[in-house]
Every structure is written in C-alpha cells, then in structure tokens.
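Peer 1: Below you'll find the structure I mean.
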Amino acid sequence: MNGEIRVTVRFEKGATIIDLAGDVTTFAEEAIHKAYQDASSDGARNIIFNFREGDYINSAGIAILIGIVTEARKRDQRLLMTGLSSHFQKIFRMVGLTQYADLYPTLEDALASLDVEYQGNETG
Amino acid sequence: MIPPHTSRVVELKIPSELGYERVAREAAATVARRLGFSPERIEELKTAVDEACSNAIRHGGKSDARMKVIVVLTADETKLDILVKDPGIGDSPPSEVVAPDIQAQVEGRDPKGGLGLWLIRQMVDEAYFVEDEESGGSQFRMIIYRVTGEGTSALSDVSQSVVDEGTLPDEW
C-alpha cells in the first residue's frame, strides 16, 4: 500500500522545477529530499515545487515541506509552489507555509513572476 | 416510529500499516458524496479521516500490520459521524492539541510535524477521544455536518440541497 510518487527535476527559464506526481505522504520523503538536494547542489536559486492537482498531501507531507523550507531559508533560496488544489492552498495558508513559499495557481504563473523579477533586476 | 433510511452504517477494518488510511479516506469520501456533501466539505473530510487513521496506525497500532484499525462511518440526513478505533498498544492520546508554530519549527526550536490532530480540528465540526474501557483500545470520534455550521443554531438556516429533509437518497 506504499503510495508511489514520481519526482523529477528540470530547468526552465532560470528556475529549477521539481515536478511531483503522486501523493505527498511519509513515503515521499526520500524522493523529495533527493530532488531538492540535487537541485541545490546544482546551485538552484529559485525552486518551483510543481504539484499535480488531484494528488493528496497529508500532515507528514507538510512536515517534509517544512523541512525543505528550513533548508531553503539557510541557503537563501526562493521557493514557489504551483498546481495545488484550493483545499491544499487553504491548508498551506492555515499552517503558515506561505510565509516561506509563494503559491501560484499554475507553473506558467510562477515562471512569469520570476521573469518579471529578473527583468526588474536587469533594469534596476 | 423511526423513519426508514434515517441512518446507514459502513464499517471498515484496515491493517495497522501506513498506506491503508487511503482506503478509509476514499470510503468516507464516497459516503459523503452520496449524502450530497459539497466538494469542499468532502476534501475536509478526507483530510480529517486520513489524519485520524494515520494517528491510529502509527500511535495506537504501532504500525503493526497484524493489528487492525476499525473505522465506523454513520451517516444520517445532516451529518457523518466517524469513529476510529485502534488497538491501543502504543502511545496514549495527547491531553491537549496545540496549534503548530511553524516559525519555531523552521528555526529548529520545535520538532517538525505534529500537525495531524490540529488539522483534524480545523476540518471537522467536532473531534474528541472517547474512552473505550471495554476493549482497552482508543477511540477517536469526529462529526462533520453536510453544510458548514449545520450543528449550530446560528447557522441552522443555511440552505440545504440534494438530499431531501429527513431521508437519505433511495440508492443509499
């Protein structure tokens, strides 16, 4: 009954995207940490966790993400999260994860926000 | 005389092994869907049932698959009553539930996690442990109303639809 999750890392428009396909529960811990460590060792500054709407996230999964934001804070990385259903967006806000990670409805929205900031830095 | 179809009971017995909470979660969602719960209430129910069963498996059943966790779903026209029974071979239930301090967790002052019971309290209308002297195990009870606030008089006039007053759908 172990929940299976597929975690992949890719790069797009200057951001590191960690795609999560499957339930985010205690069984996902190793895969998520490995993906994050791989991304960080490659020098990622902006990391997008791209969830798949319809997948389930429980409190053990949220604890994994709290661990990630703890690491990201130490490394001065920016975390973005996309693809969450309205239910899990609400839970992330209730728990306080949104203090440490910006939520966007879609991956495109998150990439666009980084693009705008990048251009802003260029001109500023 | 008790009207027909006023309540129905679904009872599940799952192994005390993480992963099987998903079975209970989906069963509860199916029952709630048949009762006419809104998609938002069903998502809240799923989170509550998943967390309660995960707690029962990890703490009450010590993740020992030879042990069983029993989930009893009792539905009537306004609410779903969920009872989660575990063997009680592990930790005792906590005496209080505190809101998580995520800043303290991120700064390493608090251990990470410990969100389950708090989350349940945010999702359902009632949630509490019940003493089970007969079996010696632990019982956790949750009640979720079909419409938010249905259990309180102030919001009792919130419009209800899908299920006719007083009875469950015939296919139940």
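Peer 1: Using beta carbons and a limit of 8 Å, which pairs, at least six apart or on different chains, have the first residue in segment A:69-97 and more than 19 Å from A:Leu111 (Cα to Cα) and the second one in a helix (DSSP H, G or I) and of a type in the set (Ser, Thr, Tyr)?
Peer 2: If the second residue must be in a helix (DSSP H, G or I) and of a type in the set (Ser, Thr, Tyr), the pairs left are A:Glu71/A:Tyr36; A:Glu71/A:Ser40; A:Arg75/A:Ser40; A:His87/B:Thr47; A:Ile91/B:Thr47; A:Phe92/A:Thr98.
Peer 1: Restricting to segment A:17-42, what's the tally of residues that are out of contact with any strand residue (DSSP E or B) (no Cβ under 9 Å at 6 or more places or on another chain) and not polar (S, T, N, Q)?
Peer 2: 3
Peer 1: In addition: Filter segment A:59-118 down to the residues that are among the acidic types (Asp, Glu) and assigned to a loop (DSSP other than H, G, I, E, B) and list them by number.
Peer 2: Answer for segment A:59-118, where residues must be among the acidic types (Asp, Glu) and assigned to a loop (DSSP other than H, G, I, E, B): just A:Asp76.
Peer 1: For the structure I just gave you, tell me whether B:Ile120 is surrounded by 15 or more Cβ atoms within 10 Å (Cβ to Cβ) and either more than 13 Å from every other protein chain (Cβ to nearest Cβ) or at pLDDT 95 or above (or both).
Peer 2: yes
Peer 1: With A:Ile57, A:Ile62, A:Ile66 as the choices, which residue is in contact with a Phe, Trp or Tyr (Cβ under 7 Å, 6 or more places away or on another chain) and of a type in the set (A, V, I, L, M, F, W, C)?
Peer 2: Just one listed residue meets the conditions, A:Ile57.
Peer 1: Next question, about the same structure. Please specify each residue of segment A:71-108 satisfying the condition of being polar (S, T, N, Q), farther than 24 Å from B:Pro39 by Cα and surrounded by fewer than 16 Cβ atoms within 10 Å (Cβ to Cβ).
Peer 2: If the condition is that a residue be polar (S, T, N, Q), farther than 24 Å from B:Pro39 by Cα and surrounded by fewer than 16 Cβ atoms within 10 Å (Cβ to Cβ), then A:Gln99 is the only one that fits.
Peer 1: Out of curiosity, is B:Val106 at pLDDT 95 or above and either closer than 19 Å to B:Ile143 by Cβ or of a type in the set (A, V, I, L, M, F, W, C) (or both)?
Peer 2: Considered against the rule, which asks whether it is at pLDDT 95 or above and either closer than 19 Å to B:Ile143 by Cβ or of a type in the set (A, V, I, L, M, F, W, C) (or both), B:Val106 comes out as no.
Conditions (1) out of contact with any His (no Cβ under 7 Å at 6 or more places or on another chain); (2) loosely packed, with under 13 Cβ neighbours inside 10 Å; (3) without any contact (Cβ under 8 Å) to a residue 60 or more places away in the chain; (4) hydroxyl-bearing (Ser, Thr, Tyr), marked per residue:
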position	(1), (2), (3), (4)
A:Val9	yes, no, yes, no
A:Glu12	yes, yes, no, no
A:Asp23	yes, no, yes, no
A:Thr26	yes, no, yes, yes
A:Asp38	yes, no, yes, no
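Peer 1: If we only count helices (runs of 4 or more DSSP H) wholly inside segment B:1-116, which ones have 2 or more residues that are of a type in the set (A, V, I, L, M, F, W, C), buried (at least 19 other Cβ atoms within 10 Å of the Cβ) and more than 14 Å from every other protein chain (Cβ to nearest Cβ)?
Peer 2: Per the criteria, B:21-35.
Peer 1: Mind listing whichever residues of segment A:34-60 are within 14 Å of chain B (Cβ to nearest Cβ) and in contact with an Asp or Glu (Cβ under 9 Å, 6 or more places away or on another chain)?
Peer 2: Hits for segment A:34-60 are A:Asp55, A:Tyr56, A:Ile57, A:Asn58, A:Ser59, A:Ala60.
Peer 1: Look at segment A:1-31 and say how many of its residues are among the β-branched types (Val, Ile, Thr), part of a strand (DSSP E or B) and within 14 Å of another protein chain (Cβ to nearest Cβ).
Peer 2: Qualifying residue count for the region: 2.
The values are calculated or read from the model by the stated rules, or taken from the named source; none is laboratory data. Bear in mind the structure is a predicted one, so any value in this text is a computation, not a measurement. In this analysis, Cβ positions are derived from the backbone assuming ideal geometry, glycine residues included, and neighbour counts consider all displayed protein chains.
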